[in-house]
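Heads up, the thing below is written out as structure tokens.
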Amino acid sequence: MSDEIDITGAPDPATATPEQIRKYNNRSVERVVSMLNVLQESPEPMALVEVHRSIGMAKATAFRYLWTLERHRYVERDAHGRYRLGLGFVGMQSRDLDMLKERARPWLEKLRDETGETVNLGVLDGNTVRYVEVAESLRQVRMVSAPGARDPLYCTALGKAIAAQLPEARVRELLHEVEMPRRTPSTITSLDRFLEELELVRQRGRAVDDQENEEDGRCVAVGITGTRVPAALSLSAPASRFPVKDIPRIARTLTYAAERLMSDPRAAQRDEG
């Protein structure tokens, strides 16, 4: 048959002739690879029109490809509907995460030293927030999560700050897959209520977990822009040591750090605050 392939006699892809490429190459896979390469090389998330023009693909076809990649977590959309690589593509994302961690670590330590409290870097991982870097408070009584640990989106400041960067449809899809059990008397357990909370996060520029994940825990977080995966910085402390009146001030400090760590990676070492 004409579609039979000689597996053992297939040429090396790196040295294949044009004729061999035509015989063995899969056009659909080629287009997916081109799409991922375009997203990988772009310093900023890309709109659908930018993607389809970059690879010469019809807009509707490009959307179907992106939709499928998003379904399998190889692509994520931000709050403006722009596309960037998702955590499903481990090979590409590991380098991006390593770079983000490297840039964030000095800021986490600086803020930890200034405030005495735990500072965290988190990213979206499926329908959870994953802690990828933590500068742990040195105080005996402290709030802390280990790097690699995961928490729900709906009851954490990091989760809210990250979810606020996503389109509503994407948030609905993520939370449709999980239950929203009550962890404390203050936990939000309704999807509609959570979406209202995200609107407040966008308006205020900060997300708050006010004893929603742990009864004596209070946390504030801000999103990080310019990353290929949705990410956020947070500071967490026992509620008895972190009064509500301090939230705006700490949020401003986190926002400053989030902006500087992306625009000037070495600023933490020379910034006197």
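The values are calculated or read from the model by the stated rules, or taken from the named source; none is laboratory data. Note that the structure is a prediction, hence the values are computed from the model and not measured. So basically every Cβ, Gly included, is an ideal-geometry build from the backbone, and we count neighbours across all protein chains shown. Areas reflect the complete protein model, heavy atoms only, side chains present, ligands, DNA and RNA absent. Shrake-Rupley method; radii C 1.70, N 1.55, O 1.52, S 1.80 Å.
Summary table below
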quantity	calculated
Out of Glu70, Glu19, sole residue that is part of a helix (DSSP H, G or I) and either open to solvent by less than 70 Å² (accessible area, probe 1.4 Å) or not charged (D, E, K, R) (or both)	Glu70
Those residues of segment 130-167 which are farther than 20 Å from Ala231 by Cβ and open to solvent by less than 20 Å² (accessible area, probe 1.4 Å), in sequence order	Ser137
Leading residue by the ranking (modelled with the lowest pLDDT) among those in segment 47-93 that are β-branched (Val, Ile, Thr) and either over 12 Å from Leu36 (Cα atoms) or touching a Pro at 6+ places or on another chain (Cβ under 6 Å) (or both)	Val90
Unique residue being basic (Lys, Arg) and touching a residue at least 60 places away in the same chain (Cβ under 8 Å) when the list is Arg206, Arg193, Arg249, Arg228	Arg228
Among the residues listed as Arg170, Arg218, the single one being within 17 Å of the chain's Cα centre (by Cα), basic (Lys, Arg) and crowded, with 19+ Cβ neighbours inside 10 Å	Arg170
When residues of segment 94-103 are limited to those that are modelled with pLDDT of 85 or more and under 13 Å from the mean Cα position of the chain (by Cα), the one surrounded by the fewest Cβ atoms within 10 Å (Cβ to Cβ)	Lys101
Residue ID - farthest from the chain's Cα centre (by Cα), chosen from residues in segment 182-208 that are among the β-branched types (Val, Ile, Thr) and surrounded by 15 or more Cβ atoms within 10 Å (Cβ to Cβ)	Thr184
Scan of segment 41-64 for residues that are more than 19 Å from Gly126 (Cα to Cα) and not hydrophobic (A, V, I, L, M, F, W, C), ordered by number	Glu41, Ser42, Pro43, Glu44, Glu50, His52, Arg53, Ser54, Gly56, Lys59, Thr61, Arg64
Residues of segment 24-49 satisfying the condition of being assigned to a helix (DSSP H, G or I) and free of Cβ contacts under 8 Å to residues at least 12 places away in the same chain	Arg27, Ser28, Val29, Glu30, Val33, Asn37, Glu41, Val49
Given (1) out of contact with any strand residue (DSSP E or B) (no Cβ under 9 Å at 6 or more places or on another chain); (2) closer than 24 Å to Asp246 by Cβ, number of the condition Ala135 does not satisfy	(1)
Residue check for Leu121: closer than 26 Å to Ser240 by Cβ, open to solvent by less than 70 Å² (accessible area, probe 1.4 Å) and in contact with a helix residue (DSSP H, G or I) (Cβ under 9 Å, 6 or more places away or on another chain)	yes
Any hit, segment 31-53, residues being more than 24 Å from Arg130 (Cα to Cα) and loosely packed, with under 12 Cβ neighbours inside 10 Å	yes
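For every residue, the table says whether it meets (1) in contact (Cβ under 8 Å) with a residue 40 or more places away in the chain; (2) among the hydrophobic types (A, V, I, L, M, F, W, C); (3) part of a loop (DSSP other than H, G, I, E, B); (4) at negative phi.
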{"residue": "Asp113", "(1), (2), (3), (4)": "no, no, no, yes"}
{"residue": "Ser137", "(1), (2), (3), (4)": "yes, no, yes, yes"}
{"residue": "Val141", "(1), (2), (3), (4)": "yes, yes, yes, yes"}
{"residue": "Tyr154", "(1), (2), (3), (4)": "yes, no, yes, yes"}
